[in-house]
1. Can you find, among 50, 218, 296, the residue farthest towards the positive end of the dipole of the chain? Put +1 on the C-beta of Lys and Arg, -1 on that of Asp and Glu.
2. Got a number for the accessible area of residue 274? Probe 1.4 Å, square angstrom, nearest 10.
3. Rolling a 1.4 angstrom probe over the protein chains, ignoring ligands and nucleic acids, what is the accessible area of residue 77 in square angstrom, nearest 10?
4. How many nm separate the modelled label positions at residue 422 and residue 55, each set 7 Å beyond the Cα in the direction of the Cβ?
5. Could you tell me which of rounded, prolate or oblate describes segment 1-67, using a ≥ b ≥ c as the square roots of the eigenvalues of the alpha-carbon gyration tensor, with rounded for a/c under 1.5 and, failing that, prolate when a/b is larger than b/c and oblate otherwise?
6. Along Cα→Cβ, 7 Å out, is where each label goes; now give me the distance between the ones at residue 89 and residue 46 in nm to one decimal.
7. Quick one: if the Förster radius is 25 Å, what FRET efficiency do residue 200 and residue 440 give, using the C-beta to C-beta distance and rounding to 0.05?
8. Please report the equivalent ellipsoid semi-axes of segment 32-118, computed as sqrt(5 x eigenvalue) of the Cα gyration tensor, largest first, in whole Å.
Amino acid sequence: MQAIILGAGTVGTWIADLLCRARHSVTVIDTNPEEVRRINAELDVRAIHGSGSQSTVLFQADICGADICLAVTGDDEVNIVAASMAKALGARRAIARVYAPAFRDMSTFDYQQHFNIDRLLSLEQLSATELARSIRNPGSIPLEHFARGQLEVYELTVAIKAPAVGKPLRELKLSHGVRIGSISRQGRRWIAGGEDEIHAGDSISLIGFPKDVAEARAQFAPESTRVPRRNVIIAGGGETGYHLAQSLNKSEYRILILDEDPQRCEHLATLLPSATVVTANANRRSVLEDEGVGKADYFVACTGNDENNIMAGVEARELGAHKVLAVVGRPDYANVVAKLGIDVAVSERDAVARQVMGFMNDGPIISQSQLPEGSIGVYEIEIDEDVPVTKAPLMQLPLSGRCLIAAIMRDGFVRVPTAKDQLRLGDVIVALIDQNTLDSTISLFKVG
């Protein structure tokens, strides 16, 4: 496939090398002539000097024939404009990296839809999502990158005396805003169907809007079996720390954030009223002792500095933190962190690499990822005109047992579909598909 990367910095170079090793055709554009010369010398790619926000430069890179354009310069506004232009000029997919949270806040303005960009990616948010999944449900479905981040995935184990035990899914009275995505039993995971019966001990995934998911959980885990609130201490109040705190349910977790910057702490206290924010240096053992790290269920180091994260993680482990997580970007540290007692190490580059590779698809598939266990994939699919899945309501389509449509994005809104919904041109769906039936299932989304 043909990829165009705008920006030859650390992220751009890493993605270019990744796609090059995967045998894709890669063109890199950068405004710095030194970076262009370096890229041409180090990688088997084509590097062009110029601005990706100028049409003449994009045409020089053959934007009309590009399968994907990734705008990853250090300037949010340039990335958004360049990705939008690339899409308008003929690129099949366009992705822009952004840092400022405002660009991903749809409550004020939907930048992604307005500029017709396929995805706005934040490295910090990707890292926070990886950390949150490791805290909440390590094996859960990675839906956070799909459906504009509006849906929640909650994985739980069905209690022995839960109301749902012994009942088929079609008899459960769940809210329209939630679906059961998958069932895991005795080491096997499959897509949930209406005739599947819930057993005690099953691991199930609930997919839907947070409020609906919270209500549905009562059918699978009675109040007496609920886990008490757990303590999470986050070292670092940057964007990664902020997104992590925001993604953890306040009814399940007590959040404490440590950061050295008083102004940032004041800002976080306003954004996260349910969290406790303390101005302090998380790399000082005395601070960690004073804040009760030894009794923490989770200690997360995401200060923005690998060495500081590792040292804070080591101190937290020695003080008795139950589980230690850290953001560690340098590849050469990968074999060291586990030996130092850090349970989970998250890399921004690895997180964005999985996202980028998930976009390298043909046909109607926008992006894809694989579930941690079993043979189920999560696919983001664009609905074209006159494809088979538009001919009848979902209940009449041959999807049961092999495909579950978890979300529909239409006219800028995301919702969980019902059996009576019918797909139409322009919809984008999130679907769980059994890999054993992938070819026959995807054929339903193709013309002819």
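1. Of the options given, the answer is 218.
2. Its accessible surface works out to 70 Å², give or take rounding.
3. Here the residue's solvent-accessible area equals roughly 100 Å².
4. 4.0 nm
5. Working: a/c = 1.87, a/b = 1.09, b/c = 1.72.
It is oblate, given that a/c is not under 1.5 and a/b is not larger than b/c.
6. 1.3 nm
7. Values: r = 34 Å, r/R0 = 1.36.
Computed FRET efficiency for residue 200 and residue 440: 0.15.
8. Details: eigenvalues 122, 47, 20 Å².
Largest first, segment 32-118 gives 25, 15, 10 Å.
The values are calculated or read from the model by the stated rules, or taken from the named source; none is laboratory data. Since this is a predicted model, take the numbers as computed values, not measurements. When we count neighbours, we look across all protein chains shown, and the Cβ atoms used for this are built from the backbone with ideal geometry, even at glycine. Areas reflect the complete protein model, heavy atoms only, side chains present, ligands, DNA and RNA absent. Shrake-Rupley method; radii C 1.70, N 1.55, O 1.52, S 1.80 Å.
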